[in-house]
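The values are calculated or read from the model by the stated rules, or taken from the named source; none is laboratory data. This one's a predicted model, so the numbers in the text were calculated from it and none came from an experiment. Virtual Cβ from ideal backbone geometry, glycine too; neighbours counted across all protein chains shown.
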Amino acid sequence: MITTDWVPAPKGGGTSGKTFFGHPRGLATLFLTEMWERFSFYGMRALLPLYLISGGPAAAAGSQGHGLAMSGSTTLAITSLYMAMVYLPCMAGGWLADRLWGPRRTVIVAGCVIIAGHLLLAVPGLPPFFGGLALVAVGSGLLKPNVSTMVGHLYDGPGDPRRDGGFTVFYMGINLGALLAPLVIGTIGQQYSWHLGFALAAVGMALGLAQFVLGTRHLRGLDDDVPEPLERGRLASIARTLGLWLGGVAICYTTLVVSGHYTLKWALVPLGLAGVAIPVGVLVRIRQDRELDAGERSRMSSYVWLFAAAAVFWMVYDQGASTMAVFGSNSTTGQVLGSAFPSSWLQSANPVFIMLLGPVFAWGWLRLARCRREPTTTVKFALGLGLVGVSFLVFVVPMAIASDGIDVSPLWLVSIYLIQTVGELCLSPVGLSVTTKMAPLKYASQTMGIWFLAVTAGDSVASLLVLSGVDLSTTPVVAVEGCLAVLAGLGLFLRRWRVDSWQPSAPGGTAAARAPVHGESQA
């Protein structure tokens, strides 16, 4: 897995000639690449739950038809599982760049896979839909870690004074794409044609990929390097093993289809179980590695607590794109101050709040640090967990009102997104930082992927709950989720002395001075 650590660059690379707001010109290329990729991803995500229920029993009265007419529970399961699978390939993306293709070629391949996925989604029918969803998830996972890596490569080491500012500019591009996507793709897809909306997402990714290819001359020339090339014999062995696994899976599912026993759960349940088992397996493997010294084992013990807290956080938080999105479509008035708008626009609330509050939190943490009052990483995690729980307790109120058939104001959802964003700003910015600080040296190159697995675990649990018969869209279940998140945050806070004692002695949360990347835990 590639990190954003500094790699020595050719002399003068990125420091001479024209700049992008005082930064290397390559930052503009990466800024636009990530902006268009996020535009395509968040546009498709805004449409996904609405398209799944369109025409079905859980759809809003009078809503557009021509969707997949699925039930509300199936919609929530698929949406949660999709969000989980987007983050699962991140470790594979770093591995491919490290061992086979290098970051630049990996990003190009990933972009092509994403475009193909969106184009498949634009084709009516169930098989193209699930094929497209799989391609977008895999492509996004391959792309995420490598674009961030290349941002780090633009600067002359960790001491370059422009480095943090460069990541801030980069994160603005991500949030700009996330902000515009529901407004453009969401409007076209929800009000005119679902498939045209998915096609627009493909156009967005194509624009991002085209400018990336044209702008690579402004990168530092390091992004074709393969740090640890894979031996030819080893590659053949991996290909054979992968082929055997895929062949076995194909035979099993072909047998199920031919025998008439196949149902959608045969696809969803194994993926959900894998989304939980893989993160747990990775943490157990690292924690039990006999090559680790006592200090590294101690840090991993602390990290397991923080990882579990993050998984609970993302399980609740990511329901903003599933449970809350469906509620926004079915049970809100769809207008504010007399102006009507598509429910997909509500998905733009979080990036707006991130862009407004991110700099405020960055300033606030630094101010507290100067006064030696900055909370530790564990306290920030506990606060983030508590706030996301409170957001769902607030969600209970409009759900109770809507249970009588009364449409509520969408401002209820906006206020909930605001509380969740504040929680995200407490937990998300320090997540990757604490991962890089606490991961054993042997696994340093995998740290970014390890953190992303917390999202995979949380969303997979949500999907498995739905598949087991739990209806996440009911008021009692939402209340229970909110209470459990608050209690988990309180438990972590009470345990903070023990968890902090296992961590490095550096002050917790210093990396929080940089605002987070929307919805990606600092992708």
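When the residues of segment 88-131 are narrowed to those that are touching a His at 6+ places or on another chain (Cβ under 9 Å) and buried (at least 24 other Cβ atoms within 10 Å of the Cβ), which ends up farthest from G281 (Cα to Cα)?
Only one residue tops the list, namely L121.
Give me a count of the residues in segment 269-293 that are outside any helix (DSSP H, G or I) and either of a type outside the set (K, R) or under 26 Å from E424 (Cβ atoms) (or both).
Of the residues in that region, 5 qualify.
Please verify whether segment 294-305 includes one or more residues that are aromatic (F, W, Y), modelled with pLDDT under 90 and either assigned to a helix (DSSP H, G or I) or surrounded by fewer than 18 Cβ atoms within 10 Å (Cβ to Cβ) (or both).
yes
(1) surrounded by fewer than 22 Cβ atoms within 10 Å (Cβ to Cβ); (2) out of contact with any Cys (no Cβ under 9 Å at 6 or more places or on another chain): which one isn't true of L393, the others all being true?
Checking L393 against (1) surrounded by fewer than 22 Cβ atoms within 10 Å (Cβ to Cβ); (2) out of contact with any Cys (no Cβ under 9 Å at 6 or more places or on another chain), the one that fails is (2).
So which of T3, T29, T79 ends up being at pLDDT 85 or above, under 28 Å from L271 (Cβ atoms) and crowded, with 19+ Cβ neighbours inside 10 Å?
It is T79.
Taking only segment 94-134 into account, find how many residues are closer than 26 Å to E228 by Cβ and free of Cβ contacts under 8 Å to residues at least 60 places away in the same chain.
Qualifying residue count for the region: 5.
For R162, work out the one condition from (1) at pLDDT 80 or above; (2) within 21 Å of P103 (Cβ to Cβ); (3) surrounded by fewer than 24 Cβ atoms within 10 Å (Cβ to Cβ) it doesn't fulfil.
The single condition R162 does not satisfy is (1).
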